[in-house]
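Some notes on the structure that comes next.
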Amino acid sequence: MTMTGPKKDQGALLIKGGHLIDPAARIDAPLDLLLKDGRVAEVAPPNKIKGGANEKVEKFDARGLIVAPGFIDLHAHLREPGQAHKETIATGTAAAAAGGFTSVCTMPNTVPVVDSVEWIDWLRQPERGALVNVFAVAAATRASKGATLTDFRALQGAGAIAVTDDGKPILEDIIMREALVLSGELNFPVVQHAEDTRMTENCSMHAGARSFRLGLRGMTAAAEASIVERDVQLATHIPNARLHVAHLSTADALKSVRRGKRAKARVTFEVTPHHFTLTDEDMRDYDSNYKMNPPLRSPSDLEAILAALADGTVDAIATDHAPHAAHEKEMEFERAAFGITGLETALALAITRLHREKRIPLARIVELFTAGPARCFDLRGRGSLARGAIADVTLFDPKKKWTFDAAQSRSKSKNTPFDGWQLTGKVVATIVGGKIVYAA
Amino acid sequence: MNPARGSLLGIEHLEAAEILRLFKFARRMNPDRPRPLLKGKRVFLLFYEASTRTRSSFEIAAKSMGAHTVLIQSIGSSIEKGESLLDTGYTVRAVGADIIVIRHPNAGAPFVMAQHIDVPVINAGDGLHEHPSQALLDAYTILRNKKTFKGLQVAIVGDVFHSRVARSACHLLSKFGVKIVLCGPPELVPDIATTLAPGIRVTRHIDDALRGTDVIMLLRVQNERLSGLKIDLLEYIARYQMNPARLKMARKDAIVMHPGPIIRGLELTSEVADGAQARILEEVRNGVPTRMAILARAMGKMR
């Protein structure tokens, strides 16, 4: 939406010698890629694309690299308007570009809440300095108070691609029902942060042996699963309703989603890299970089998520990038803000954990960052490199070992549990609308 | 930053040998015969939560070893104005604190302090997490009454979930092979409590908990920490209150302990609180030499 749509006369870029993975087109082969005027102009076997003699064609040597559709993050907090001390659209999208994301969906739990056409317009202004595409997810209820639905039709018209009260759930059955009815009529996904907050008061981590030992009140798996179950039930019985479950974290909630999908409900969901990498047992010494919502869950929840990633049930990997200033995190664990950054570590965690350790094919991982999320929010022309698609491309080296240094992060905030982690798989270049916006 | 040497953040990671050293030293401490081991040192008592016993006994322990003490409470200090935990820590360090004793309503607050401030930090109770000095003085009291931990069974009755005393006691007693029976309703004594340390069993029946028990530790129902949880106090009294009839189910020489404050007529009757088997005030008395040992250890003077 913002800025970097296809533009004419941008010249051409030939990506040569790479291995192209485009799950939407079922392509997984050595192929060259020609981008022209912000679109994919040609996909062809190595050395078959001839840059016309009179055309200026820039070349990119992609030997040893995977060439993939530009990654799409369905769930990031870019913190504008109102919380520029944590992140701005400029810094957040710079981090996104470094993480290989060409499109970021930004959450509306800002100050004020993005619940109006005016704020959607504001987010899309060039002054925001977005380096990659920014798609607005608008609030589902006014000020995200859960009481009165926002004007879905107007928000959709203004360019919002989904609605959510993220950070909070839509608790009232009747409000959620209304939202899903509208989602079906407008073909407009409702994104639910599934947490029954009536059960999680004063809680700061997952309820289990670890929280008991640490003396921290725990959020039960049931507090997530009960909301997901209700929502899936509603979505199953409302014609065309579109439910997207944000950052699903428990085995029980996963069961509900699987049931919904089997019943042909239009239910999609995302999981985060931290939920497939860490468990509640990894938190040490009240380090608030391990505090996020939903919390790190039990090892058996993690196993269930890994299985769903491998068997094709999970629709997307989303970061839930949630930057916070140091003074909002370096404090008593129970008082510290929820959330960790994630844009720059997502791909590497997926390759390290899912591909190298769990043997999930790279093509499946690419799908979870591209075609999968594009389908969840209907991002037409994105998530694939078919001829004519928007020229958003991510190039990465799946074998490159590197150490993540949070201090070097392009995000304004450094709240991550992955500082100093040795990871495999690194983004080498990020191309948005045919233009290189990041090169390692 | 690692916590400064001499910090006492919890019992969980304290070694059994270190605990015995503390007891050995405490036995030699007598607050009526001052030993100037901490002469000229400044002990800051940061109390973010109400306290009678812990605060006063740390204060007496420090003073009887020649230290200056400064008490900072959340009310009447910059904490009230919104100063952060760490800024308060940096401030008292800048004023010249040699030891920080901290009580805080949030679990882990002493850890956060110890990771940023380069003087020993002593946890005087953090949220639901640990209360190490209480566990030490309780175990010290048990040892003085029972001579050894060997073969002992300790029943902990009441609100284990909200109790930092219970968590610390479980860690400590488990290190010495004591059999621990936790007793109370599921809301207050979750089954998961058995994962805390080896040798812990949970029962819902008071007679089961008391049979063969050498030590009964009673806990207060912490109304201020229930956080919306509803407890039927009359039912609690009917099922778990310690009264003379129930006390008879334990071993004849069983002792009754309670970290205080006690609520007469709730977790125990006055007959039990004031009875011959009660050691509740002895616990309070033992708090001083135990905390003298903790402070001496903090300054490397526990020899």
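The values are calculated or read from the model by the stated rules, or taken from the named source; none is laboratory data. Treat the numbers as computed from the prediction; the structure is a model and nothing was measured. With ideal geometry, Cβ positions are generated from the backbone for all residues, glycine too; neighbour counts draw on all protein chains shown.
Assorted remarks:
- Single unsatisfied condition, B:GLU83 versus (1) at pLDDT below 95; (2) more than 14 Å from every other protein chain (Cβ to nearest Cβ): (2)
- Checking each residue in region B:49-80 for being aliphatic (A, V, I, L, M) and away from every other protein chain (no Cβ under 14 Å) picks out B:ALA50, B:ILE60, B:ALA61, B:ALA62, B:MET65, B:ALA67, B:VAL70, B:LEU71, B:ILE72, B:ILE75.
- Only a single item in (1) within 14 Å of chain A (Cβ to nearest Cβ); (2) at positive phi is not met by B:ASP191, and it is number (2).
- Scanning region B:126-159 for residues that are closer than 23 Å to B:ILE263 by Cβ and assigned to a helix (DSSP H, G or I) gives B:SER133, B:GLN134, B:ALA135, B:LEU137, B:ASP138, B:THR141, B:ILE142.
- Residue tally, condition within 13 Å of another protein chain (Cβ to nearest Cβ) and either among the aliphatic types (A, V, I, L, M) or outside any helix (DSSP H, G or I) (or both), over region B:160-185: 7
- When B:ALA209, B:ALA193, B:ALA139, B:ALA155 are checked against the criterion of being without any contact (Cβ under 8 Å) to a residue 40 or more places away in the chain and under 25 Å from B:ARG246 (Cβ atoms), B:ALA193 stands alone in meeting it.
- Hey, A:THR319 under 30 Å from A:ALA207 (Cβ atoms) and assigned to a loop (DSSP other than H, G, I, E, B) or not: yes
- Filter result (of a type in the set (Gly, Ala, Ser) and assigned to a helix (DSSP H, G or I)) within region B:282-303: B:GLY287, B:ALA293, B:ALA296, B:ALA298
Quick grid of which residues meet (1) closer than 19 Å to B:ALA293 by Cβ; (2) over 19 Å from the mean Cα position of the chain (by Cα); (3) aromatic (Phe, Trp, Tyr); (4) loosely packed, with under 13 Cβ neighbours inside 10 Å:
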{"site": "B:ALA26", "(1), (2), (3), (4)": "yes, no, no, no"}
{"site": "B:ALA50", "(1), (2), (3), (4)": "no, no, no, no"}
{"site": "B:MET65", "(1), (2), (3), (4)": "yes, yes, no, no"}
{"site": "B:ILE72", "(1), (2), (3), (4)": "no, yes, no, no"}
{"site": "B:GLY76", "(1), (2), (3), (4)": "no, yes, no, yes"}
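- Within the set A:THR416, A:THR403, the sole residue that is β-branched (Val, Ile, Thr) and out of contact with any Ser or Thr (no Cβ under 9 Å at 6 or more places or on another chain) turns out to be A:THR403.
- Members of region A:385-408 that are of a type outside the set (Asp, Glu) and crowded, with 22+ Cβ neighbours inside 10 Å: A:LEU385, A:ALA389, A:ILE390, A:ALA391, A:VAL393, A:THR394, A:LEU395, A:PHE396
- Restricting attention to region A:88-130 and to residues that are in a helix (DSSP H, G or I) and either touching a Cys at 6+ places or on another chain (Cβ under 6 Å) or of a type in the set (Val, Ile, Thr) (or both), the residue that is farthest from A:LEU149 (Cα to Cα) turns out to be A:THR91.
- For region A:315-333, the condition of being farther than 18 Å from A:LEU74 by Cα, at pLDDT 95 or above, touching a Ser or Thr at 6+ places or on another chain (Cβ under 6 Å) and of a type in the set (Phe, Trp, Tyr) holds for at least one residue.
- Scanning region B:86-111 for residues that are of a type in the set (Lys, Arg) and either touching a residue at least 60 places away in the same chain (Cβ under 8 Å) or within 14 Å of chain A (Cβ to nearest Cβ) (or both) gives a single hit, B:ARG103.
- Test result for A:THR370, in contact with a Pro (Cβ under 8 Å, 6 or more places away or on another chain) and in contact (Cβ under 8 Å) with a residue 40 or more places away in the chain: yes
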